[in-house]
Every structure is written in structure tokens, then in C-alpha cells.
1. Working only within the stretch 265-294, note down all residues that are more than 14 Å from ligand 2 (Cβ to nearest atom) and of a type in the set (D, E, K, R).
2. Of the conditions (1) open to solvent by less than 40 Å² (accessible area, probe 1.4 Å); (2) outside any strand (DSSP E or B), Thr392 fails just one. Which one is it?
3. Just wondering, is there one or more residues in the stretch 116-137 that are away from ligand 2 (no atom under 16 Å from the Cβ), open to solvent by 30 Å² or more (accessible area, probe 1.4 Å), free of Cβ contacts under 8 Å to residues at least 24 places away in the same chain and assigned by TED's automatic domain parsing to the domain that holds Met296?
4. Count, please, the residues in the stretch 48-87 that happen to be touching a strand residue (DSSP E or B) at 6+ places or on another chain (Cβ under 7 Å) and within 16 Å of ligand 2 (Cβ to nearest atom).
5. Listed residues Ser232, Ser212, Ser226; which is polar (S, T, N, Q) and within 16 Å of ligand 1 (Cβ to nearest atom)?
6. Please give the number of the condition Ala270 fails out of (1) in a loop (DSSP other than H, G, I, E, B); (2) more than 9 Å from ligand 1 (Cβ to nearest atom); (3) under 16 Å from Arg208 (Cβ atoms).
7. Please enumerate the residues belonging to the stretch 220-239 that are charged (D, E, K, R), without any contact (Cβ under 8 Å) to a residue 60 or more places away in the chain and in contact with a helix residue (DSSP H, G or I) (Cβ under 9 Å, 6 or more places away or on another chain).
8. Kindly indicate whether any position in the stretch 222-235 is open to solvent by 30 Å² or more (accessible area, probe 1.4 Å), in contact with a Gly (Cβ under 7 Å, 6 or more places away or on another chain), at negative phi and not in a loop (DSSP other than H, G, I, E, B).
Amino acid sequence: MSDSKNLQPVRGTHDLLPEAARVQRHVVHTLQTVTKNYGYQEIATPMFEFTEVFARTLGETSDVVSKEMYSFSDRGGESLTLRPEGTAGVARSVISNKLYDFLPLKYWYTGAMFRYERPQKGRQRQFHQVGVEFLGVSTPLADAETIALGWHFLQQLQLEGNLRLEINSLGDEASRTVYRTALVAYLERYKTSLSADSQERLLRNPLRILDSKDAGDQEIITGAPSLKDSMSDEATAYFAAVQEYLSLINIPVVVNSRLVRGLDYYSHTAFEIISDGLGAQATVLAGGRYDGLIEMMGGKPTAGIGWAAGIERLALLLPPLEALPRPVAVIAMADAQEQYAFTVVQNLRGQGIMAELITSGNVAKKFKKANKINALYAVLLGEEEAATGRLTVKNLDSGEQQKIAIEEIKKGLSL
Ligand code: ATP
Ligand code: MG
């Protein structure tokens with residue numbers, strides 16, 4: 001470790017220092033509170049899985065699998081991958097634990113995710129997500145409810161800037177088959193102008209070209225046929241019903257027919273919530289329906305819809321958190337009361353009061369320290385206090401002083 005490079009965090013990773021950790025907790029706590037009203041429970045899956053869990057489900061031509069995964073062989077020679085996202089692990093867990101015997105299931109999760117990407121503002125190699133999965137119900141109502149939950153969650157966070165909900169339908173399997181043919185016929189005409197990645201996708205997963213971030217690809221895509229024209233009547237009706245439910249509860253929707261999402265396992269509804277306050281990394285929450293996923297992984301056919309949100313991106317838009325509560329400073333007036341002061345600070349903490357023992361220095365210095373930790377009150381302990389258990393409490397803002405019995409402190413100070 002003498003090489004100073006090793007004392008830097010790995011590129012794209014960050015320490016969560018107390019302020020950032022507090023922001024993350026706040027986001028997670030907000031999700032926990034909101035999801036409770038929608039009947040969700042927490043689930044936590046391992047931070048790494050067999051590589052196949054992600055490679056097969058996300059699709060080999062997806063950006064995540066083709067270039068972003070942290071994969072390694074463990075000492076037993078197994079290929080493992082640090083999770084790049086949460087849904088595949090939850091789906092694996094549903095199969096491993098035979099949870100599909102208990103449908104419907106509503107889960108929320110949070111945790112670190114790992115992607116080998118070029119780090120920039122709002123884009124890291126280790127980042128954190130919160131997300132939800134609603135399994136076992138394939139109705140437009142379930143889609144609307146899941147989207148509403150995401151909207152509700154972001155509103156609860158009171159993010160700065162405007163949010164826009166974009167949705168699209170990827171149709172059912174039949175719609176996508178028809179569309180794939182139309183799309184390939186169109187893209188073949190521009191084949192040599194497509195990026196190398198997209199030329200590869202043309203053979204293996206042409207729909208994903210719509211999600212390309214390459215500027216040249218984007219231009220070609222502008223003229224591509226629309227998925228809407230290939231949709232079956234059922235898929236069209238499903239999508240209309242989702243939008244109708246959302247309008248019933250006044251959630252504004254923008255239909256974006258180019259929205260496809262980067263992963264392979266989506267069908268019907270796909271959606272993103274986008275902030276106008278973020279520049280290039282504008283998507284804060286994204287998700288969709290993945291009815292085929294669990295079956296594709298080898299489990300029983302199980303409907304599912306979910307979304308995930310990047311906590312670091314949300315943090316960029318959060319208004320300042322409430323100020324931290326102010327502690328009580330416990331001050332011994334003389335050496336003779338130092339031990340008593342320790343019992344008092346512990347007593348206060350036992351009563352649920354945030355208290356700090358101010359040690360060393362003369363009384364003036366101790367007051368300075370009390371101000372430095374932003375204490376609201378100082379508890380002053382002299383001979384009389386030690387003898388009677390009635391403590392002198394000084395409000396450090398107003399200078400007002402009062403005597404309160406130690407067991408009355410919590411009530412007396414309305415802390
Ligand atoms: P992008 O288009 O920005 O690469 P994505 O489609 O790869 O996003 P998802 O896989 O849908 O993203 O992940 C959901 C959310 O997780 C994103 O909307 C974003 O808020 C967050 N996220 C994704 N990748 C990163 C990253 N590398 N660093 C920080 N947050 C991320
Ligand atoms: Mg990405």
C-alpha cells in the first residue's frame with residue numbers, strides 16, 4: 001500500500017461521507033415510507049450472482065452485458081458478476097425460493113450496483129439504486145399503479161426542477177415480431193452508416209438500435225417505422241388503458257414512441273421519469289413490464305413490472321435536508337464533577353436525548369466546544385447539582401437558565 005495510487009478510491013467509486021450517507025438514507029427511507037402504503041415489503045438479494053443470471057436476462061447485445069459488467073472467476077472457477085441492476089437478482093430469487101407459489105408479490109429493494117462505465121457527473125462505476133418489483137399481475141391497472149408509485153415517490157422527495165413521465169408500449173410478442181421485420185427492412189438500407197455496435201444488433205436484437213446513444217444512429221432512427229403501427233389490437237388497448245388509469249389520477253404522461261429501454265426482457269409498458277435539471281444524465285427513474293423474464297430464466301411463467309432509480313442522480317436534485325437536531329452539552333464545572341457528568345450524559349442518552357460530554361479545559365473553553373457542536377442546551381454540573389440531582393440547564397441561544405430534575409429533562413425541554 002505504499003504506492004499512493006492504492007490510497008485513492010477506485011475510479012468511479014466514492015466514499016459516502018456522513019452528509020452523502022445521510023442523503024442516501026433519506027432517499028431509501030422515503031421509498032420505504034411510500035411503498036408501505038402500496039403494500040410492498042423489502043427484499044435484499046446478494047451483491048453478486050452467477051454471470052449467467054445477468055448475461056442471459058439482460059441480453060448479450062445490451063450495453064450492460066457487452067461492455068459494463070464486473071465479472072470475475074472466483075477461486076472455485078465459477079464466473080460471477082457484481083450486480084449491474086436489481087431485477088435479474090429478484091427474478092432469480094423468486095425461482096430459487098419458489099416464491100411464485102405466493103403471488104402476487106410486491107418487493108422494494110436498495111443497494112449498490114456496479115457498471116464499468118466512463119465516470120462523469122451522475123454516472124459512476126459503483127452507484128446505488130432503489131427499486132420495486134410487482135410480480136404476478138399482468139393488467140393495465142398494475143402498470144398504472146407501479147408508475148404511480150414511482151411518481152409519488154419522486155414527488156415525496158420534492159426534487160428540484162420539473163419531472164416528465166415518458167411512456168411507450170413495446171407491445172406483446174406478436175407485435176414485436178411484426179415490428180422487428182419492418183424495422184430490419186428499414187435499417188438494412190442504412191446498414192453501412194450504422195455504428196459498429198448497431199450493425200451487430202441488426203442481426204441479434206434490432207430493437208435495441210432504437211436505444212443507441214450514437215449520434216449517427218440517432219439520425220437514422222428518426223426516420224424508422226414506429227412500433228405503434230405494428231401493435232396488435234390487444235396491445236394497443238392495453239396501452240390505452242394504462243394511460244387512462246394514469247389520467248384518472250392526474251399523472252401527466254408524454255408518449256415517446258422511441259422509448260425502448262436498454263434491456264432485453266421488457267414487453268408492453270416501458271417508462272422513464274426524466275428531470276430537466278440534470279443535463280445529459282437526465283433519467284432518474286426507469287422501468288417496464290417484463291412478463292417473459294422469469295420463464296426465460298427457467299421458472300414458471302410469471303408476470304412482472306418494476307422500476308429502479310439511481311440514488312446519486314436523485315441526490316443531485318434534492319433540496320437541502322432538514323438541519324440535524326441539536327445536542328445537549330453536559331459540562332462539569334470542576335474536576336470533582338467529571339465522573340458525575342459521565343453518569344448524567346449516559347442517563348440522558350438512555351432517555352433518548354442526544355447528549356455530548358464536553359471534556360477537558362476550563363469552563364469557558366467547554367462553552368466554546370458546546371457552541372462548536374451546535375448544542376442547543378448546556379447542562380451545568382456543580383456541587384449542588386451533584387448532591388440534589390436537579391440540573392442547571394442553560395439555553396445557549398437565549399441564555400435563559402432553569403433547574404430541572406434529571407428525570408424531568410426530556411419533558412422540561414421538549415426535546
Ligand atoms: P443511462 O441511459 O443513463 O445509461 P440506463 O438505461 O443504463 O441509464 P437503468 O439500467 O435503467 O439505466 O438504471 C436505472 C437508473 O439507475 C438510471 O435511470 C439512473 O438513474 C441510474 N444509473 C444507471 N447507471 C448509472 C451509473 N453508472 N451511475 C449512476 N447512476 C446510474
Ligand atoms: Mg446505462
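The values are calculated or read from the model by the stated rules, or taken from the named source; none is laboratory data. Just so it is clear, the model here is predicted, and its values are computed rather than measured. Note that we place each Cβ from the backbone using ideal geometry, even for glycine, and neighbour counts take in every protein chain shown. These area figures cover heavy atoms from the full protein model, side chains too; ligands, DNA and RNA do not enter into them. Shrake-Rupley method; radii C 1.70, N 1.55, O 1.52, S 1.80 Å.
1. The answer is Asp276, Arg289, Asp291.
2. (2)
3. Restricting attention to the stretch 116-137, the residues satisfying the condition of being away from ligand 2 (no atom under 16 Å from the Cβ) are 130, 132-137.
Retained after the next criterion (residues that are open to solvent by 30 Å² or more (accessible area, probe 1.4 Å)): 136-137.
Still in the list and also free of Cβ contacts under 8 Å to residues at least 24 places away in the same chain: none.
No: zero hits.
4. Within the stretch 48-87, the subset touching a strand residue (DSSP E or B) at 6+ places or on another chain (Cβ under 7 Å) is 48-51, 54, 69-74, 78-87.
Narrowing further to those that are within 16 Å of ligand 2 (Cβ to nearest atom): 54, 69-70, 81-87.
Within the stretch 48-87, residues that are touching a strand residue (DSSP E or B) at 6+ places or on another chain (Cβ under 7 Å) and within 16 Å of ligand 2 (Cβ to nearest atom) number 10.
5. Details: Ser232 fails: within 16 Å of ligand 1 (Cβ to nearest atom); Ser226 fails: within 16 Å of ligand 1 (Cβ to nearest atom).
Result: Ser212 is the single residue among Ser232, Ser212, Ser226 that is polar (S, T, N, Q) and within 16 Å of ligand 1 (Cβ to nearest atom).
6. So the condition that Ala270 fails would be (1).
7. Lys228, Asp229
8. no
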